[in-house]
Amino acid sequence: GVDLITVHGRTIQENKTKVRSCNWDAIATSVQIARTHSGNPNYPIVANGGIEFPADVRRCLDYTGASAVMSSEALLEHPGLFGDVGVDAGDEEDGGRGVLERQIKFCYEYIELCV
């Protein structure tokens, strides 16, 4: 059997360079179909796509009904993405300086872990 399903909200022709937003409607539909078909209303579905900021995690879960989210490329710019989920995301788009300061902070934390 299948233990869980991950659904990406973009087709193979779409990627974030051509289509910025992710189709969370398609993920929500997939969640409904999988749970109905499995007979398990809690069947684990992981939503993938459109997670760039901590606030996106809650928005995606609420919108799609998925059990969890995953992210890939956004983690390259924001390695603490999932660690900040409980933080008020009012400063989501803090600009280049904020990104630089956050990255430097992560570098120092990493160095501390290595020594």
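Read the figures in this text as sums done on the coordinates, not as results from a lab. Keep in mind the model is a prediction, meaning the values are calculated, not measured. Here the Cβ positions follow ideal geometry from the backbone for every residue, glycine too, while neighbour counts run over all protein chains shown.
Counting Lys and Arg as +1 and Asp and Glu as -1 over every other residue whose Cβ lies under 13 Å from the Cβ of T64, the net charge comes to 0. With both labels modelled 7 Å from their Cα along Cα-to-Cβ, the F82 to T36 distance reads 3.0 nm.
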